[in-house]
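Reviewing the structure listed below.
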């Protein structure tokens, strides 16, 4: 199993809107991909805004490529989401789940 991690710092005024976007658009899209396992939204308030860590679990890199395209470490950040963010990762991190 592979754990995919992406971090973004949202404007405080857009934090709830971002969560809604994940729940209504991104996660349903991911759920339709064979090999997608689950997703978590981690959130914390920081001085600059609201920091998010999105963690998704996948059966394989091949499954991730169905979402990311041929470059699995490329972040998938729609323009709509980019406008909600102060900053965000352009590359994701993948970890092999060992336990």
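The values are calculated or read from the model by the stated rules, or taken from the named source; none is laboratory data. Note that the structure is predicted; figures quoted are calculated from it, not measured. Neighbour counts are summed over all protein chains in view; Cβ atoms, including those assigned to glycine, are modelled from backbone coordinates with ideal geometry.
Residues in region 24-40 that are over 16 Å from residue 1 (Cβ atoms) and surrounded by 14 or more Cβ atoms within 10 Å (Cβ to Cβ): 26, 27.
Examine region 57-69 for a residue that is out of contact with any strand residue (DSSP E or B) (no Cβ under 9 Å at 6 or more places or on another chain) and surrounded by fewer than 15 Cβ atoms within 10 Å (Cβ to Cβ), and state whether such a residue exists. Yes.
Quick check: anything in region 74-86 modelled with pLDDT under 95 and surrounded by fewer than 17 Cβ atoms within 10 Å (Cβ to Cβ)? Checked region 74-86: no residue is modelled with pLDDT under 95 and surrounded by fewer than 17 Cβ atoms within 10 Å (Cβ to Cβ). Name every residue in region 87-99 that is exposed (fewer than 11 other Cβ atoms within 10 Å of the Cβ) and within 22 Å of residue 18 (Cβ to Cβ), in order of residue number. Within region 87-99, 90, 91 qualify.
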